[in-house]
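The values are calculated or read from the model by the stated rules, or taken from the named source; none is laboratory data. Note that the structure is predicted; figures quoted are calculated from it, not measured. As a convention, Cβ positions derive from the backbone with ideal geometry for all residues, glycine included, and neighbour counts pool all protein chains shown. SASA here: full protein model, heavy atoms, side chains in, ligands and nucleic acids out. Shrake-Rupley method; radii C 1.70, N 1.55, O 1.52, S 1.80 Å.
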Amino acid sequence: MSNLFWLSDAQMARLEPYFPKSHGKPRVDDRRVLSGIIFINRNGLRWRDAPKEYGPHKTLYNRWKRWSDKGIFAAMMTGLAAEHGEKKTVMIDATYLKAHRTASSLGAKKGGRGRLIGRTKGGMNTKLHAICDSQGRPLSLFVTAGQVSDYIGARALLSSLPDVDWLLGDRGYDADWLRELLKDRGIRACIPGRKQRKTPVKYDKRRYKRRNRIEIMFGRLKDWRRVATRYDRCPKVFLSAIALAAIVIYWL
């Protein structure tokens with residue numbers, strides 16, 4: 001089939017350093033299996049609907065689940081994004097991702113972190129928090145329940161913030177503690193103040209317009225159906241789907 005996705009030799013060469021070592025019986029063709037996993041995630045298909053060219057659907061699912069649980073796909077994105085070379089500007093923002101009934105049905109296991117799905121005005125959602133560079137390429141990702149404040153995501157992502165001159169964000173990140181943390185790190189905040197502030201906050205309006213690049217990034221990630229609609233109950237597996245989309249779109 002001509003519309004199937006296949007990783008090139010150059011793309012496989014970039015990914016291979018992040019593959020786990022094979023113990024015992026050698027793994028089946030990595031290129032075929034990973035290409036099938038990408039095809040399923042991009043089109044939002046059931047695993048049993050995988051085209052026969054990718055091999056048994058159970059092989060695709062088992063590889064996907066095993067590597068997701070080990071954080072292999074998230075590590076791939078982190079490793080590839082570490083080569084970004086950004087020294088000037090990064091952007092921070094968050095977006096909602098709709099949770100399908102297959103992800104939000106039944107109760108979560110006791111003792112776990114939960115499914116990170118919350119009820120908002122738009123229904124059951126997960127929120128994706130992200131930092132991207134000046135070109136709109138994702139550097140760090142973090143998922144929470146949909147009703148969680150942007151401040152929570154910002155706190156989680158600040159530790160992975162690269163040494164840059166500027167951080168761009170919308171009014172949702174207007175907080176004195178955040179501005180102070182950025183100032184201590186030598187980063188200038190380009191964040192408009194909230195309307196209820198008694199003293200207006202000055203910011204570079206011309207520079208702020210560049211923030212649309214992170215909105216474009218979210219739009220491109222949501223072109224992948226398994227990202228735009230969350231089917232996976234496990235938040236770690238869902239984060240792997242987002243990381244895989246970011247890898248294919250921006251880092252390969």
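Restricting attention to the range 137-147, which residues are modelled with pLDDT under 95 and farther than 16 Å from ARG233 by Cα?
GLN147
Those residues that are of a type in the set (A, V, I, L, M, F, W, C), within 25 Å of HIS100 (Cα to Cα) and open to solvent by 40 Å² or more (accessible area, probe 1.4 Å), I need them from the range 28-55; list them, please. Quick ask: steps written out before the conclusion?
Of the range 28-55, the ones of a type in the set (A, V, I, L, M, F, W, C) are 28, 33-34, 37-40, 45, 47, 50.
Subset that is within 25 Å of HIS100 (Cα to Cα): 34, 37-40, 45, 47, 50.
Residue satisfying the conditions is LEU45 alone.
Looking at the range 133-154, which of its residues are under 16 Å from ALA243 (Cα atoms), touching a His at 6+ places or on another chain (Cβ under 9 Å) and either polar (S, T, N, Q) or part of a strand (DSSP E or B) (or both)? So that I can check it myself, show each step before the final result.
Step one: of the range 133-154, the residues under 16 Å from ALA243 (Cα atoms) are 133, 136-144.
Remaining after also requiring touching a His at 6+ places or on another chain (Cβ under 9 Å): 133, 137, 139-144.
Scanning the range 133-154 gives ASP133, LEU139, SER140, LEU141, PHE142, VAL143, THR144.
Among the residues of the range 195-213, what is the count of those that are charged (D, E, K, R) and open to solvent by less than 80 Å² (accessible area, probe 1.4 Å)?
The number of residues fulfilling the criteria is 4.
Read through the list (1) of a type in the set (Val, Ile, Thr); (2) open to solvent by 50 Å² or more (accessible area, probe 1.4 Å); (3) more than 17 Å from the chain's Cα centre (by Cα), then give the number of the only condition that THR89 fails.
The one condition THR89 does not meet is (2).
Taking helices (runs of 4 or more DSSP H) that do not extend beyond the range 155-249, which have at least 3 residues that are in contact (Cβ under 8 Å) with a residue 24 or more places away in the chain?
Counting at least 3 such residues, we get 212-221, 225-228, 235-246.
Of all residues in the range 175-190, which are in contact with a strand residue (DSSP E or B) (Cβ under 9 Å, 6 or more places away or on another chain) and more than 19 Å from GLU86 (Cβ to Cβ)?
Selection gives LEU178, ARG179, LYS183.
Given the conditions (1) among the hydroxyl-bearing types (Ser, Thr, Tyr); (2) at pLDDT 95 or above; (3) open to solvent by 80 Å² or more (accessible area, probe 1.4 Å), which single one is not true for SER8?
(3)
What's the number of the condition LYS25 fails, among (1) loosely packed, with under 14 Cβ neighbours inside 10 Å; (2) assigned to a helix (DSSP H, G or I)?
(2)
Please verify whether ILE216 is open to solvent by less than 10 Å² (accessible area, probe 1.4 Å), of a type outside the set (Phe, Trp, Tyr) and at pLDDT 95 or above, treating the condition exactly as stated. It would help to see each step written out before you state the result.
On the way: open to solvent by less than 10 Å² (accessible area, probe 1.4 Å): no; of a type outside the set (Phe, Trp, Tyr): yes; at pLDDT 95 or above: yes.
Considered against the rule, which asks whether it is open to solvent by less than 10 Å² (accessible area, probe 1.4 Å), of a type outside the set (Phe, Trp, Tyr) and at pLDDT 95 or above, ILE216 comes out as no.
List the pairs whose first member sits in the range 10-33 and is in contact (Cβ under 8 Å) with a residue 60 or more places away in the chain, whose second member is of a type outside the set (Ser, Thr, Tyr) and open to solvent by less than 70 Å² (accessible area, probe 1.4 Å), and whose Cβ atoms are under 6 Å apart, counting only residues at least 6 apart or on separate chains?
Cβ pairs passing all conditions: GLN11/LEU252; TYR18/ALA75; TYR18/MET76; TYR18/GLY79.
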